[in-house]
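The values are calculated or read from the model by the stated rules, or taken from the named source; none is laboratory data. The shown structure was predicted, so the numbers you read here are calculated from the model rather than taken from an experiment. Side chains are part of the model used for accessible areas, which takes the heavy atoms of the whole protein and leaves out ligands, DNA and RNA. Shrake-Rupley method; radii C 1.70, N 1.55, O 1.52, S 1.80 Å.
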Amino acid sequence: MTSEQTARAAAKADRRQSLLAAAARLFADRGFTSVRLEDLGAACGVSGPAVYRHFPGKTAVLGELLLQVSQDLLDGAHRVAGSEDGAQAALTALVRFQTDFALSHRDVIAVQGREMRHLEPDVRAEVVRLQRDYIEVWAGQLELLHPDEDHGTAVFRTQAALGLVNSTPHSVRRSPSEQRGRRTLLEGMALSALLAGSEAR
(Lines give C-alpha, C1' and ligand atoms only; values in the text may rest on other atoms or scores of the structure.)
Protein backbone atom coordinates (compact mmCIF):
# COMPACT_ATOMS: atom_id res chain seq x y z
CA MET A 1 0.00 0.00 0.00
CA THR A 2 1.39 3.39 -0.98
CA SER A 3 1.62 6.31 1.44
CA GLU A 4 -1.23 7.99 -0.42
CA GLN A 5 -3.42 4.90 -0.06
CA THR A 6 -2.51 4.66 3.61
CA ALA A 7 -3.48 8.30 4.13
CA ARG A 8 -6.79 7.78 2.34
CA ALA A 9 -7.55 4.69 4.43
CA ALA A 10 -6.75 6.58 7.63
CA ALA A 11 -8.94 9.49 6.57
CA LYS A 12 -11.81 7.11 5.80
CA ALA A 13 -11.42 5.41 9.18
CA ASP A 14 -11.40 8.80 10.93
CA ARG A 15 -14.54 9.88 9.07
CA ARG A 16 -16.26 6.62 10.01
CA GLN A 17 -15.45 7.16 13.69
CA SER A 18 -16.65 10.77 13.45
CA LEU A 19 -19.96 9.55 12.05
CA LEU A 20 -20.33 7.04 14.87
CA ALA A 21 -19.60 9.71 17.49
CA ALA A 22 -22.12 12.05 15.88
CA ALA A 23 -24.67 9.25 15.74
CA ALA A 24 -24.26 8.60 19.47
CA ARG A 25 -24.91 12.28 20.24
CA LEU A 26 -27.86 12.62 17.90
CA PHE A 27 -29.51 9.31 18.77
CA ALA A 28 -29.19 10.16 22.47
CA ASP A 29 -30.59 13.68 22.03
CA ARG A 30 -33.37 13.03 19.51
CA GLY A 31 -33.97 9.30 19.43
CA PHE A 32 -33.07 6.94 16.61
CA THR A 33 -36.26 7.39 14.60
CA SER A 34 -35.98 11.20 14.56
CA VAL A 35 -32.46 11.33 13.13
CA ARG A 36 -31.90 11.31 9.36
CA LEU A 37 -28.77 10.41 7.46
CA GLU A 38 -28.65 14.05 6.41
CA ASP A 39 -28.41 14.99 10.08
CA LEU A 40 -25.49 12.62 10.57
CA GLY A 41 -23.72 13.98 7.52
CA ALA A 42 -24.28 17.58 8.56
CA ALA A 43 -22.86 16.89 12.01
CA CYS A 44 -19.63 15.75 10.32
CA GLY A 45 -19.54 18.30 7.51
CA VAL A 46 -20.59 15.96 4.69
CA SER A 47 -23.77 15.43 2.69
CA GLY A 48 -26.34 12.79 3.56
CA PRO A 49 -25.52 10.67 0.49
CA ALA A 50 -21.83 10.77 1.44
CA VAL A 51 -22.69 8.78 4.56
CA TYR A 52 -23.45 5.83 2.26
CA ARG A 53 -19.73 5.60 1.47
CA HIS A 54 -19.27 4.36 5.02
CA PHE A 55 -22.58 2.72 6.01
CA PRO A 56 -25.43 1.20 4.00
CA GLY A 57 -28.03 2.97 6.14
CA LYS A 58 -28.98 4.42 9.50
CA THR A 59 -29.67 1.03 11.07
CA ALA A 60 -26.17 -0.07 10.11
CA VAL A 61 -24.76 2.99 11.87
CA LEU A 62 -26.60 2.07 15.06
CA GLY A 63 -25.46 -1.54 14.74
CA GLU A 64 -21.81 -0.62 14.27
CA LEU A 65 -21.96 1.82 17.18
CA LEU A 66 -23.29 -0.76 19.64
CA LEU A 67 -21.20 -3.64 18.30
CA GLN A 68 -18.03 -1.58 18.57
CA VAL A 69 -18.67 -0.36 22.10
CA SER A 70 -19.73 -3.84 23.28
CA GLN A 71 -16.57 -5.40 21.88
CA ASP A 72 -14.40 -2.62 23.34
CA LEU A 73 -15.94 -3.14 26.77
CA LEU A 74 -15.42 -6.89 26.63
CA ASP A 75 -11.80 -6.54 25.50
CA GLY A 76 -11.19 -3.94 28.20
CA ALA A 77 -12.72 -6.12 30.90
CA HIS A 78 -10.47 -9.05 30.02
CA ARG A 79 -7.44 -6.76 30.02
CA VAL A 80 -8.33 -5.09 33.32
CA ALA A 81 -9.27 -8.27 35.18
CA GLY A 82 -6.23 -10.11 33.87
CA SER A 83 -3.85 -7.43 35.09
CA GLU A 84 -4.86 -7.71 38.76
CA ASP A 85 -3.82 -10.16 41.47
CA GLY A 86 -6.89 -11.47 43.28
CA ALA A 87 -10.63 -11.35 42.70
CA GLN A 88 -11.32 -8.30 44.85
CA ALA A 89 -8.59 -6.28 43.14
CA ALA A 90 -9.97 -7.37 39.76
CA LEU A 91 -13.50 -6.28 40.69
CA THR A 92 -12.24 -2.95 41.97
CA ALA A 93 -10.49 -2.40 38.65
CA LEU A 94 -13.59 -3.47 36.71
CA VAL A 95 -15.77 -1.02 38.64
CA ARG A 96 -13.31 1.77 37.91
CA PHE A 97 -13.21 0.75 34.25
CA GLN A 98 -17.01 0.74 33.92
CA THR A 99 -17.35 4.02 35.79
CA ASP A 100 -14.82 5.68 33.50
CA PHE A 101 -16.76 4.41 30.50
CA ALA A 102 -20.17 5.47 31.83
CA LEU A 103 -19.05 8.98 32.73
CA SER A 104 -17.22 9.59 29.46
CA HIS A 105 -19.77 7.93 27.14
CA ARG A 106 -23.08 9.22 28.44
CA ASP A 107 -24.58 9.29 24.95
CA VAL A 108 -23.70 5.67 24.21
CA ILE A 109 -25.18 4.56 27.55
CA ALA A 110 -28.45 6.31 26.65
CA VAL A 111 -28.54 4.86 23.14
CA GLN A 112 -27.79 1.36 24.35
CA GLY A 113 -30.60 1.57 26.88
CA ARG A 114 -33.24 2.87 24.45
CA GLU A 115 -32.51 1.87 20.89
CA MET A 116 -31.59 -1.84 20.88
CA ARG A 117 -34.99 -2.69 19.42
CA HIS A 118 -34.06 -0.95 16.17
CA LEU A 119 -31.13 -3.28 15.44
CA GLU A 120 -31.30 -5.99 12.82
CA PRO A 121 -32.03 -9.32 14.58
CA ASP A 122 -28.60 -10.83 13.89
CA VAL A 123 -26.82 -7.69 15.03
CA ARG A 124 -28.94 -7.46 18.16
CA ALA A 125 -28.13 -11.09 18.96
CA GLU A 126 -24.41 -10.38 18.63
CA VAL A 127 -24.60 -7.28 20.83
CA VAL A 128 -26.47 -9.29 23.46
CA ARG A 129 -23.86 -12.05 23.27
CA LEU A 130 -21.03 -9.57 23.79
CA GLN A 131 -22.86 -7.99 26.72
CA ARG A 132 -23.40 -11.39 28.31
CA ASP A 133 -19.73 -12.24 27.87
CA TYR A 134 -18.87 -8.92 29.55
CA ILE A 135 -21.07 -9.82 32.52
CA GLU A 136 -19.40 -13.24 32.68
CA VAL A 137 -16.01 -11.61 33.24
CA TRP A 138 -17.39 -9.93 36.35
CA ALA A 139 -19.35 -12.98 37.47
CA GLY A 140 -16.24 -15.15 37.32
CA GLN A 141 -14.53 -12.91 39.86
CA LEU A 142 -17.63 -12.80 42.05
CA GLU A 143 -17.80 -16.58 42.22
CA LEU A 144 -14.34 -16.57 43.78
CA LEU A 145 -15.47 -14.07 46.41
CA HIS A 146 -18.85 -15.69 47.06
CA PRO A 147 -18.17 -19.44 46.78
CA ASP A 148 -21.44 -20.31 48.54
CA GLU A 149 -23.55 -18.50 45.91
CA ASP A 150 -24.58 -19.94 42.54
CA HIS A 151 -23.69 -18.54 39.16
CA GLY A 152 -27.09 -16.91 38.73
CA THR A 153 -26.51 -14.84 41.85
CA ALA A 154 -23.11 -13.72 40.56
CA VAL A 155 -24.78 -12.57 37.35
CA PHE A 156 -27.48 -10.81 39.38
CA ARG A 157 -24.89 -8.98 41.49
CA THR A 158 -23.08 -7.90 38.32
CA GLN A 159 -26.23 -6.65 36.62
CA ALA A 160 -27.23 -4.72 39.73
CA ALA A 161 -23.82 -3.03 39.96
CA LEU A 162 -23.77 -2.20 36.26
CA GLY A 163 -27.28 -0.81 36.50
CA LEU A 164 -26.17 1.45 39.34
CA VAL A 165 -23.13 2.74 37.46
CA ASN A 166 -24.96 3.19 34.15
CA SER A 167 -27.97 4.95 35.65
CA THR A 168 -26.05 7.87 37.12
CA PRO A 169 -23.87 9.55 34.44
CA HIS A 170 -26.40 12.29 33.65
CA SER A 171 -26.51 13.33 37.29
CA VAL A 172 -22.73 13.90 37.42
CA ARG A 173 -22.58 17.27 35.67
CA ARG A 174 -21.00 19.52 38.25
CA SER A 175 -17.70 21.18 39.02
CA PRO A 176 -14.52 19.11 38.59
CA SER A 177 -14.12 18.70 42.35
CA GLU A 178 -17.75 17.60 42.75
CA GLN A 179 -17.35 15.23 39.80
CA ARG A 180 -14.38 13.58 41.49
CA GLY A 181 -16.35 13.20 44.70
CA ARG A 182 -19.35 11.74 42.90
CA ARG A 183 -17.11 9.34 40.98
CA THR A 184 -15.52 8.10 44.20
CA LEU A 185 -18.93 7.69 45.83
CA LEU A 186 -20.31 5.86 42.77
CA GLU A 187 -17.38 3.44 42.64
CA GLY A 188 -17.67 2.77 46.36
CA MET A 189 -21.40 2.08 46.14
CA ALA A 190 -20.99 -0.32 43.23
CA LEU A 191 -18.12 -2.17 44.89
CA SER A 192 -20.06 -2.45 48.16
CA ALA A 193 -22.95 -4.07 46.29
CA LEU A 194 -20.59 -6.55 44.66
CA LEU A 195 -18.74 -7.45 47.85
CA ALA A 196 -21.63 -7.46 50.33
CA GLY A 197 -21.44 -10.61 52.41
CA SER A 198 -17.98 -11.63 51.28
CA GLU A 199 -14.61 -11.63 52.99
CA ALA A 200 -11.68 -9.99 51.22
CA ARG A 201 -9.75 -12.63 49.31
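Entry comment: accessible area of segment 13-77 is 44 Å² per residue, from protein heavy atoms only and a probe of 1.4 Å. Sorting ASP75, ASP14 by accessible area puts them as ASP14, ASP75; the probe is 1.4 Å, largest comes first, and only protein heavy atoms count.
In whole percent, how big is the carbon plus sulfur part of the accessible area of the chain, probe 1.4 Å, protein atoms only? Here carbon and sulfur together make up 51 percent of the probe-accessible area.
Its relative contact order, with pairs defined as Cα atoms under 8 Å and 6+ residues apart, puts the chain at 21 percent.
The calculated 222 nm mean residue ellipticity attributable to helices in the chain amounts to -25000 deg cm²/dmol, summing -39500 (n - 2.57) over DSSP H runs of n ≥ 4 and dividing by all residues. Taking Cα atoms only, the orientation of helix 121-145 departs from the longest principal axis of the chain by about 20 degrees.
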